[in-house]
1. When only DSSP loop residues count, what trypsin sites (Lys or Arg not before Pro) in the range A:235-341 have their Cβ near at most 10 other Cβ atoms within 10 Å?
2. How high is the relative contact order of the range A:250-351, in percent, counting Cα pairs under 8 Å that sit 6 or more residues apart?
3. Any idea of the total accessible area buried by the B-C contact, 1.4 Å probe, rounded to 100 Å²?
4. Spit out the partnerless Cys residues in the protein assembly as shown, using Cβ distances under 4.7 Å as the pairing rule.
5. Could you tell me which residue out of A:ALA503, A:LEU110, A:ALA476 lies farthest along the dipole of chain A toward its positive end? Charges go on the beta carbon: Lys and Arg +1, Asp and Glu -1, centred on the Cα centre.
6. Over the heavy atoms of A:ILE24, what accessible area does a 1.4 Å probe trace out, to the nearest 10 Å²?
7. If you add up the charges near C:SER23, with Lys and Arg at +1 and Asp and Glu at -1, over every other residue whose beta carbon is less than 15 angstrom from its beta carbon, what do you get?
8. Within the range A:128-199, what whole-number % of the accessible surface is contributed by carbon and sulfur, with the 1.4 Å probe and all protein chains included in the calculation?
Amino acid sequence: MTSFPLQISRPIHPTGIWNWITTIDHKKIGILYGVSAFILFIIGGIEAMLMRAQLASSNLKIIDPELYNQLFTMHGTTMIFLAIMPMGAAFFNYLIPLQIGARDVAFPRLNAFSYWTFLAGAIILNASWFLGGAPNAGWFGYAPITGKAYNVGHGIDFWIISLQVLGIASLAAAFNFIVTIINMRAPGMTFSRLPVFTWMSFITAILLVLAFPVITVALIELQFDRFYGTNFFITSAGGNPILWQHLFWVFGHPEVYILILPAMGIVSEILPTFSKKPLFGYPVVILSGIIIGFMGWMVWSHHMFTVGLGPVANSVFALTTMAIAIPTGVKIFNWLGTLWKGSLTLNTPMLYAIGFILTFTIGGISGVMHSQAASDAQQQDTYFIVAHIHYVLFGGSLIAILGGIYYWFPKFTGRMYDEKMGKLGFYAFFIAMQITFFPMHFTGLNGMPRRIYTYGSEYGWDFWNLISTIGVLLLAISMVIFIYNIVSSWIGGEKASGDPWDARTLEWSISSPPPEYNFAVIPTIEYRDDWWEKKMLGKTSEEITSDDVHLPQPSYWPFIASLGLLIAGFGIILSIPVAILGASITMIGVYAWSFEPVNDPH
Amino acid sequence: MSEPNNHSTHEDTTTGLNHRKLLMWAFLGSDCMFFASLIATYLVYKGKSVTGPDPIDLFSIPVTSVSTFVLLMSSMSMVLAYAALTKGSLKGFRVWMLSTAIMGMTFLGFQVFEFRDFTVNEVKISCEENSPKYIELESKLSSKQKSDYKKQCADGIEEAHVEFGMTPRTNLFGTTFFVLTGFHGAHVTLGVIWLLSLFFYSFKRGAVSAERHLDVDLAALYWHFVDIVWIVIFTVVYLFGVYEGF
Amino acid sequence: MINEETSNHPTPKTYVLTALILSVLTAIEVGIFYITSLGYWMIPILAILSIGKFALVVMVYMHLKYETKLFTILFLSGLLLATAVVFALMILFRSF
Ligand SMILES: [Cu+2]
């Protein structure tokens, strides 16, 4: 069993940096994901602040146009792929095994590989700043401005390769969670008893494995055009840039549900807990989530209404887009129904969840507005779209994630956050957000195009732009409050009990933070909201410590395989021998990994 | 794992199914989307090339039919290897596994041969006035190829040999064809490596056995998938490609 | 049912028979290809033949017919979506 030549001894590092590098504990990986994503979120935020500074008033010359192009491209790519998606992954990692009563995910080493590969992708993308300039073609990188003829530097190459690497990370993680949710549920945890967050994560993972291959192919085609001179998007050879748009949005629209469904799951956990009521219409929430996931595939061309696909195509995609608003609206009524006549506790996570409903509804309404192909022709590529995307992603996904961080903070860290500061941070955040993004509806309808680095004073856009810029400053202050609260509470907050919120789902039935093995005894599930029902019936028992737990052991190989990808990523762009070296390291890592048993035989 | 009954694959999971097998099926569903995107690209660009050659100028259906047949038979050989293993015949497993890998390599050999053949393709065009072949190809030839033809004929020969090859850079057909079939070939290559690894691993005592048939099962699923992708490519790219009405 | 996963698999005889059918179908495909008089009918006929081959390999060689429905759902969700995307793009690009 142990004669494979690459076998090196198991890492045994109870603490320190090697412990984090070799860990395969889903909770630690969740923390790694969360902290890394938050740092990247701050980087993306700084990029946004620089842009807002430039736009504060007409004819400013703080940032030159080339840098401005790089900033908006990096801001969008960072926020979507390096901040919100991995923050979602942080919650998946930490919570899914706890919510379904498992001791880890189905493939613990693959999980570590996902994280390190995500980090590799993040490093490759951000290294572009120092290696000849960041990508500058916008986060959806439309052909032909990404082509070699119009974009000679390496920026786009870094963008392509980092997205490919991030794709590998996301796919690996999504396969892992699909198998985990199907196959690792505790006895009695049927799909009709599955917590809503886990359900939404499950739909997200399915969307991911179906959507990511499409962008992978689009990026391969672009990469081949740029690196090897093929003709996919070269118009002189008959290539059609519209194909890029189609492939990108076939991926891109499911992607927006990949970003929002976990947020909806988080809100669906917070609201019942602090309303002291079960989620109103659980089956309907699940069903509308499934319908959203399904219909998300039928609407992609609403991003392309002004391309000239013709009246039939535009009408079809307008109708499907309007239709997809229905299941989303249904969910909003379910959340309101949960609040209705509940005994509400308006603490920080609850405020964020209610804030989510408010702003997400506004974003949804502006979304329905540009589902009309005709009115979208006026809104396309204006700040109205920028307002919409920020209401649904910032005021939707991110606000729910911040609420989720507060809600599960005691579970993650074993300590309580500062409630007063939390509320202050929320109100600052919420108001600042409206000040920042609401005026963009006005500038957009007044015709201000997105992605311009400056504008003349004669257009009359000065006032609302200044308001937006002031809003961003307030947002930064609110984020400082948030970070201060989290950091200081993590270090010195008061100790949290296992179930500080008198909550409903399984993760609250164990101590905070959970022991390495999660559940001393795998629970048997009898109800939806099993923990709550058992508390009501007085059926909870004292935890028994069990010594019969075999946890998967740490491993070097996932980290080494990802390291190889990092090296190969740089190599493909800069030097082929380095790429071969990186690919070989990954090969060795994967080979050794597949010959290393999950657990050494005792 | 100590249980000798090779029919029992019940696992200690919620569904009783094996984690890895579940992952493999989810992966294959996902890989469908990968090939669909490549095939869609090929199809929407079909007939949109600005210059030749076109599929009809290059494809040799009899040759590709043979390599298609070889890949189909490798699927049979693969499933027989698996069946032999579950019956406890390690020798049978090795024989069929090696033959599967060899057929896979044969398919790849055909592909390399075909790719090379396409890049060095030539057409013979007679030098007579209004040669029918020249008229047929005129719209497909690049200006360089045309002047080459005229230069050759100016020397007074009867038939000119005009370079009419295709690389991924030549035209849209070349781009989409090579990338689609190339990625299929990459899948086959990975499969061959996997199969050979299992073959050599089986010489280690107990490494490949009836109880551990799942290791082979997963490789087999992947291998059959590569085969069915080729079934689609053969019809859509090759047969429809040469058929003018499509 | 599940723990008899491999016991209800077909015998090698079925596998060889399937290979025979696959070969015959391929031969018919290539044969039909040379019957130019079929005109446009060739496309649906060839499509049906290759769908048949596809289904045979998936159901018999990949054992999908003999195993849990869950595998079928996982695979078909990808396959059907993939097919839909190909056709949608062809319609949008007016390839028909
Ligand atoms: Cu969309």
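The values are calculated or read from the model by the stated rules, or taken from the named source; none is laboratory data. Source: prediction; values computed, not measured. Here Cβ is always computed from backbone atoms with ideal geometry, including for glycine, and neighbour counts include all displayed protein chains. Accessible surface areas use protein heavy atoms only, side chains included; no ligands, DNA or RNA. Shrake-Rupley method; radii C 1.70, N 1.55, O 1.52, S 1.80 Å.
1. For trypsin sites (Lys or Arg not before Pro) across the range A:235-341 that sit outside H, G, I, E and B with at most 10 neighbouring Cβ atoms in 10 Å, the list reads A:LYS341.
2. Contact order relative to length: 44 percent.
3. 4400 Å²
4. Singleton cysteines: B:CYS32.
5. Among A:ALA503, A:LEU110, A:ALA476, the one farthest towards the positive end of the dipole of chain A is A:ALA503.
6. 10 Å²
7. Charge balance near C:SER23 sits at -1.
8. Carbon and sulfur: 72 percent of the exposed surface of the range A:128-199.
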